[in-house]
1. Test of understanding: among Val34, Val52, Val44, which residue is in contact (Cβ under 8 Å) with a residue 24 or more places away in the chain and assigned to a strand (DSSP E or B)?
2. Can you tell me which residue within segment 175-230, out of those that are among the basic types (Lys, Arg) and in a strand (DSSP E or B), is nearest to Leu151 (Cα to Cα)?
3. For segment 209-238, what are the residues that are more than 19 Å from Val52 (Cβ to Cβ), buried (at least 17 other Cβ atoms within 10 Å of the Cβ) and among the hydrophobic types (A, V, I, L, M, F, W, C)?
4. Among the residues of segment 101-126, write down those that are polar (S, T, N, Q) and buried (at least 17 other Cβ atoms within 10 Å of the Cβ).
5. So, Ala83, is that one buried (at least 20 other Cβ atoms within 10 Å of the Cβ), over 29 Å from Pro7 (Cα atoms), touching a residue at least 60 places away in the same chain (Cβ under 8 Å) and out of contact with any Ser or Thr (no Cβ under 8 Å at 6 or more places or on another chain) or not?
6. Criterion first (among the β-branched types (Val, Ile, Thr), outside any loop (DSSP other than H, G, I, E, B) and under 23 Å from Leu64 (Cβ atoms)) does Thr138 satisfy it?
7. Among the candidates Asp172, Asp201, Asp168, Asp146, single out the residue that is surrounded by fewer than 19 Cβ atoms within 10 Å (Cβ to Cβ) and over 23 Å from Glu233 (Cα atoms).
8. In the set Gly26, Gly63, which member is in contact (Cβ under 8 Å) with a residue 24 or more places away in the chain, on the phi > 0 side of the Ramachandran plot and not β-branched (Val, Ile, Thr)?
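Taken together, the values in this text are just the output of simple stated rules run on the coordinates, not laboratory data. If you're wondering where the values come from, they're calculated on a predicted model, not measured in any experiment. Methodologically, a virtual Cβ is constructed for each residue, glycine included, from the backbone with ideal geometry; neighbour enumeration extends over all protein chains shown.
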Amino acid sequence: MKKKQQPKYSRVLLKLSGEALGGESGLSISPEAVGNMARQIQEVREMGVQVVVVVGGGNIFRGLSGSKRGIERATGDYMGMLATIINALALQDALEKQGVPTRVQSAITMSQVAEAFIRRRAVRHLEKGRVVIFGGGTGNPFFSTDTAAALRANEIGAEVILKATKVDGVYDSDPKKNPKAKRFSRISYLDALQRQLKVMDSTAFSLCMDNKMPIIVFDFFKAHNLKRVVMGETVGTLVTE
């Protein structure tokens, strides 16, 4: 009898951009896009993999672009953090429609709609088979949701950060502008930094590098790609030591 293949990872952090929830336009919330995300998350959860999700808010409001239009930077960042809560609730709704138990934890206290972020409680939810969605970024202005992902991944003991994108990995230049752009299947943190490849912002990247947290950048919009990554197939780009 053929032995069933086991997942390579048992606890992962999935980083979703707000634009990803917006579907093709990258704006507002696309029920179809969120539903597809929920199905991919359900697929790996059914394999026994513990999943935490960090969501961005760029489809609704981005603090940095708001500050360029005259909104005070810290205020703009708080507005962006609240946008991530809206996205977290949308993803929770889609997951629960698939029969997946979830909890939303927020770095900004809003007890009517989400739990406050408590590390030990988040880990307990994972152990009980729930998907935990982290909203509210780090709870602090001037930090991105990439940094929130790096921080939470280390806090809850994830084995890897899975950065979901619309491209199939990290390239040496923009593949949309340069048809000869080279894709890396594996790259070191230092090499990515020296080449100034925008894997994550520098704060998030430093956190991953200092704590030896691997990052896999992959195309989340290709069916079953999340499952393939979790099973250890060579999908996207692995950023490691």
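1. Just one listed residue meets the conditions, Val52.
2. Arg186
3. The answer is Met209, Phe221, Val235, Leu238.
4. Residues satisfying the conditions are Thr102, Gln105, Ser106.
5. yes
6. Spelling it out, it is not the case that Thr138 is among the β-branched types (Val, Ile, Thr), outside any loop (DSSP other than H, G, I, E, B) and under 23 Å from Leu64 (Cβ atoms).
7. Asp201
8. Gly26
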